[in-house]
Structure formats: C-alpha cells, structure tokens
Amino acid sequence: MNKPNSLVKLDGIDKKILRFLMKDARRPILEIARNIGISGAAIHQRLKKLEASGLLSGSKFVINPKVLGYTTMAYIGIFLDKAMSNPRAVKALEKIPEVLECHYTTGNWSILIKVLCKDNEHLMHLLNKEIQQIEGVSRTETFISLNQQINRQISI
C-alpha cells in the first residue's frame, strides 16, 4: 500500500477503467473488459491494485435527498471562541445527522459545514437549537444553496 501522500501512476488502461466505473460503478467488469479489449481478470487485478494504492475507496449508491423531502441545502460558517474548541465542536457536529460535510478552514470561520434540511424551518431549528448550542461556537454565518449547478469528481 502506498503512503497517504504518494502519487499513484495511472496508465491509459487504468484511466479507461476508472472512467467507465465513475460513470456507472455497477457496470459489469466483463462489459468494461470487452470495451477496452482486455480480460476480465486483468480488470480485476488492476482494480485490486488501485484499491491497495488508496486511490479507490469503494463504491456506493447515491440517494436523491429530494425524494425523501430534503430540499434545503446550506453551508454554515462556524466561528469558534478559540481554536482549542475545534475538536469538541467537531465531535458535537458528528452527532447531527443533517451535517453532511465538515471542513477545518482558513479565513474568518474556523469550520465550514454543509447541511441538508427538509425546509427553511428545519434549518432554523438546526441552527438555533443544535449548532449554535455547541460549546465553543460563538456565532454562525449561513448561505442557502438555491441550486447545485456542478456536481462532479476529479477528471481522470
């Protein structure tokens, strides 16, 4: 296994395999093999190598949150009273299911989180009753996403 910051070298075949799987992770290995012109066993070996390198971290199904009634996406900048509050604040944020992402940032905020709520009322409750009640949080700044216009992975 490679070290966390070591670069993985991809050849043309690796890139082709990854492009197929990034479009549809459920695509059969044999179908990919036929398209590329190599055996299914070769694809399997390459995928195992890429997993061992740390480049691939699995596959997953993507849920459409709107179908479940979650229509309000927001980004919340969190100001902490002091930097030492960060680990405690992150532990508290991990317990909130609406928090999808949490980033330690430079700039004005200490933490930037991405949340998904059913509506604005749900967001207001989340802010007032949960996030702003976390010990060490001095204030928040919220940006509601009106529409996600780009959603992609890094190009291979």
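The values are calculated or read from the model by the stated rules, or taken from the named source; none is laboratory data. Every value quoted in this text rests on a predicted model; they were computed, and no experiment measured them. Neighbour counts are summed over all protein chains in view; Cβ atoms, including those assigned to glycine, are modelled from backbone coordinates with ideal geometry.
One table, with the values for the structure above:
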quantity: Number of the exception - Arg46 against (1) assigned to a helix (DSSP H, G or I); (2) farther than 30 Å from Asp119 by Cβ; (3) out of contact with any Asp or Glu (no Cβ under 8 Å at 6 or more places or on another chain); calculated: (3)
quantity: Leu100 part of a strand (DSSP E or B), under 21 Å from Thr142 (Cβ atoms) and at pLDDT 95 or above; calculated: yes
quantity: Tally, over region 37-91, of residues that are farther than 30 Å from Ile13 by Cβ, polar (S, T, N, Q) and surrounded by fewer than 16 Cβ atoms within 10 Å (Cβ to Cβ); calculated: 3
quantity: Members of region 92-119 that are in contact (Cβ under 8 Å) with a residue 24 or more places away in the chain and loosely packed, with under 11 Cβ neighbours inside 10 Å; calculated: Asn108
quantity: Cβ pairs under 6 Å, 6+ apart, first in region 14-33 and touching a residue at least 40 places away in the same chain (Cβ under 8 Å), second surrounded by 12 or more Cβ atoms within 10 Å (Cβ to Cβ); calculated: Lys15/Ile156; Leu18/Ile156; Arg19/Ile156
